[in-house]
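The structure appears below as structure tokens.
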Amino acid sequence: MRPEPLNTEDLIDRLAAGARPIPEHRPARRAALCAGLALVASAIVVWMTLGPRPDLASVVDEPAFLLRQVYALSVAGFAGWLMLRLGQPGAPVRGPVIGLGAVALLVIGLVAWEQAGLGDASRLDSLLGQSWTQCSLRVGAISLVATPFVFFAARRLAPARPTMAGLAAGIVAGAVAASAYGLYCAEITATFVATWYSLGIVTSGLLGGALGRWVLRW
Amino acid sequence: MNTLEARLKPLMIGGLDGDTRAWREFLGLLRPAFHAYFKRRQFHGDADVEDLVQEALMAVHAKRETWRRADPVTSWCYTIARYKLIDHLRRTGRARFVPMVDDLSLEVDGVEDGAVRHDLDRLLSTVPARQQALVKDVKLSGYSLAEAGERAGLSEGAARVSLHRAMKALMNRVTDRET
């Protein structure tokens, strides 16, 4: 790897000579920028492949649309925070883990509340909607567009556990993809979003974990 | 109280601000600390240790933006050193001798000692209690053979034989784990 054995003192001199100023919070800013680019790229792909929703302007204030976006973006935010913390040696991960857990609990609570208000006949419909066969698959596919952006930011970190950091990065990519797909999707139940969006996000997370094991070593 | 931390922190901040002299001093202070860290976990030649020191110093330099000002510098540095050590052992196929958890709540020299003690206790627990006591007294606490034998209720000769057996068993144990 190293061309020739180097004296440690010389190495230190050489490294020190290259110490450029580093702006504070650079990893966090880079991660936010990359996640933003991932979202734009994912939205463009949704637009180009599935086409724009003709009624987008009229649905943006519907509860289902807002729920999708709040869910996807809060998962992206907490997972991104977790990815950062995992990539900063010695940094605590409790905050983002609690955040992700809280989002999961809220969504489960929302689904329970929705189901409680439904008759037996409409339960299955609320779960399957019109597009359950496509949703997770599409979120998963779009996450492949988002993943390189997120991993670009993750590569610059220093995760002591590359697989875990990859898992977090994959969840970010999946959640960003879910947000982009949510611009197109016309499903209206919380149960649908909680199930099929989450499945897509988790799939992306697992892929990210497998990838991170190799790509996020440093 | 925690002198290394107190010395490293302002230098780290200086280095992040682009002060090359502070950064040089930082790396210079870290070098012996890393050397000691790797030395205690490696039972091979010094070449390995110096390679690891260099690798860890390069990682510290390349990844310096990942330090959060809220975290102790020393725990950041030792987490990097541990990652590099585990990575090295994994590549060379000997990952079993690294403690998975260094207790970072201790002060930094304490982190070192705590981890070493943990390794040592685990190793010592593989020989009988009387031999453990002998090894500790003679090799760690500095008692003479006669004194240690008396403490263990043995004659000096018996203590010598027992200690010899214990050390042999421990050496076997160490080389076993490493190959």
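The values are calculated or read from the model by the stated rules, or taken from the named source; none is laboratory data. Every value quoted in this text rests on a predicted model; they were computed, and no experiment measured them. Note that each Cβ is placed from the backbone with ideal geometry, even for glycine, and that neighbours are counted across all protein chains shown.
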Scan of segment A:17-36 for residues that are in a loop (DSSP other than H, G, I, E, B) and either touching a residue at least 40 places away in the same chain (Cβ under 8 Å) or out of contact with any helix residue (DSSP H, G or I) (no Cβ under 6 Å at 6 or more places or on another chain) (or both), ordered by number: A:G18, A:R20, A:P21, A:P23, A:E24, A:H25
Among (1) at the interface with chain B (Cβ under 9 Å from one of its Cβ atoms); (2) within 17 Å of the chain's Cα centre (by Cα), the one test that A:G77 misses: (1)
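Among the candidates A:L67, A:L128, A:L106, which residue alone is within 20 Å of the chain's Cα centre (by Cα) and either modelled with pLDDT under 95 or polar (S, T, N, Q) (or both)? Working first, answer last.
On the way: A:L128 fails: within 20 Å of the chain's Cα centre (by Cα); A:L106 fails: either modelled with pLDDT under 95 or polar (S, T, N, Q) (or both).
Exactly one residue qualifies, and that residue is A:L67.
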Residue match in segment B:97-117 (condition: modelled with pLDDT of 80 or more, loosely packed, with under 15 Cβ neighbours inside 10 Å and β-branched (V, I, T)): no
Within segment A:156-176, considering residues that are of a type in the set (G, A, S) and in contact with a Lys or Arg (Cβ under 8 Å, 6 or more places away or on another chain), the one surrounded by the most Cβ atoms within 10 Å (Cβ to Cβ): A:G166
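Regarding A:A194, is this residue part of a helix (DSSP H, G or I) and under 18 Å from A:A76 (Cα atoms)? Before you say what the answer is, go through the steps one by one.
Values: part of a helix (DSSP H, G or I): yes; under 18 Å from A:A76 (Cα atoms): yes.
Yes: the conditions hold for A:A194.
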Residue in segment A:62-83 that is over 20 Å from A:A178 (Cβ atoms) and out of contact with any helix residue (DSSP H, G or I) (no Cβ under 7 Å at 6 or more places or on another chain) present: no
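When only residues in segment B:148-179 that are of a type in the set (S, T, Y) and over 14 Å from B:A133 (Cα atoms) count, which is modelled with the lowest pLDDT? Before the answer, list the steps.
Restricting attention to segment B:148-179, the residues satisfying the condition of being of a type in the set (S, T, Y) are B:155, B:162, B:175, B:179.
After this cut, where a residue has to be over 14 Å from B:A133 (Cα atoms) as well, the list is B:155, B:175, B:179.
Working: B:S155: 85, B:T175: 74, B:T179: 45.
Only one residue fits best here, namely B:T179.
So which residues in segment B:134-144 are hydrophobic (A, V, I, L, M, F, W, C) and surrounded by fewer than 17 Cβ atoms within 10 Å (Cβ to Cβ)?
Going residue by residue through segment B:134-144, those that are hydrophobic (A, V, I, L, M, F, W, C) are B:134-135, B:138, B:140.
Hit for segment B:134-144 is B:L140, nothing else.
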Residue under evaluation A:G90, criteria (1) in contact with a helix residue (DSSP H, G or I) (Cβ under 8 Å, 6 or more places away or on another chain); (2) part of a helix (DSSP H, G or I); (3) not β-branched (V, I, T), criterion not met: (2)
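Would you point out which residue out of A:I142, A:I98 is in a helix (DSSP H, G or I) and farther than 23 Å from B:R68 by Cα? Explain how you work it out, then say what you get.
Working: A:I98 fails: farther than 23 Å from B:R68 by Cα.
Testing whether each residue is in a helix (DSSP H, G or I) and farther than 23 Å from B:R68 by Cα leaves just A:I142.
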